[in-house]
Amino acid sequence: QAAGGAAHSAVPWRSGLAWQVSIFMGLQSLAFYTAVAWLPSILIHDGASNTTAGWLLFYYQVIALAASSVLPLLTRGRRDQRWAALGASVLVLAGFAVLLSAPGLPIVACTLLGLGGGPCLVLALTFQSERAGAPGEAAALAGMAQSIGYLVAAAGPLLLGILHDATGSWTLPLVLLLVLGVAMAAAGHGAGKDRHVRYPDAHQ
């Protein structure tokens, strides 16, 4: 059906909440694309065979898909999603921490990354609509979050690859992912609060 006169809203560049939504979108995307791009290389560097590394990547994606399917059932009817976003982010953070500190436990790392990564994606997309008060505002917020988010996500794997080439090790890239994981958890906790972005042209 036609939108019926839905107003166009300006992109909310000055909104702290919009930036939290955008940063969470970017960092969870960065974690996912980094895992898809570099997880097999990290595992092979730690002693896994090519075949094992490939299956573990597949396993990670299956767990992420399953977790993303379960999350809506757990959060149905809840507008405040701070703790869901924080918990999912902590699981991703823990997964990278296991890769760094316990390379002999790749199945644990992949399980944690999947359990956190799938829900993070669902939440990141959910925030883009639930933190806006009208369809036009949701479109503006989604445009901001996805533009910033995918720019961050595209740069992340490249930067981490450069760091690996420069140092000959995955230690520094994984440490950086831990730091970004903390930032993702903080942004997710802020973006998950039940409130709306304030738009300069909104009727408030």
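By how many degrees, 0 to 90 and rounded to 10, does the Cα axis of helix 50-75 deviate from the longest principal axis of the chain? It works out to around 30 degrees. Compared with the alpha-carbon gap, the fully stretched path from VAL182 to ALA166 is longer by 3.3 nm at 0.36 nm per residue. Seen from ALA187, the other residues with C-beta closer than 13 Å to its C-beta sum to a net charge of +3, counting Lys and Arg as +1 and Asp and Glu as -1. Between the residues ILE162, PRO103, LEU151, the greatest Cα displacement towards the positive end of the dipole of the chain, with unit charges on the Cβ of Lys, Arg, Asp and Glu, is found for LEU151. In the assembled protein chains, PHE32 presents an accessible area of approximately 80 Å² (probe radius 1.4 Å).
Multiplying the residue separation of LEU73 and SER49 by 0.36 nm and subtracting their alpha-carbon distance yields 4.9 nm.
When the convex hull of its Cα atoms is viewed from all sides, segment 72-204 shows a mean projected area of 9.2 nm². Within the assembled protein chains, the solvent-accessible surface assigned to VAL21 is about 0 Å², based on a 1.4 Å probe.
Distance between the modelled labels on ALA134 and ARG82, one decimal in nanometres: 2.8 nm (7 Å Cα→Cβ projection). Across ARG198, ARG79, ARG131, ARG14, the residue with the most accessible area heads the list, and the full order at a 1.4 Å probe is ARG14, ARG198, ARG79, ARG131. Rounded to the nearest 0.05, the FRET efficiency derived from the C-beta distance between VAL62 and HIS196 at R0 = 30 Å is 0.25. Charges were assigned to the Cβ only: +1 to each Lys and Arg, -1 to each Asp and Glu. The resulting dipole of segment 51-204 about its Cα centre is roughly 380 debye.
The values are calculated or read from the model by the stated rules, or taken from the named source; none is laboratory data. In this text the structure is predicted, and so the values were computed from the model without any measurement. A quick note on method: Cβ atoms are made from the backbone with ideal geometry, for glycine too, and the neighbour counts reach across all protein chains shown. Note: accessible area is taken over every heavy atom of the protein model, side chains too, but ligands, DNA and RNA are not part of it. Shrake-Rupley method; radii C 1.70, N 1.55, O 1.52, S 1.80 Å.
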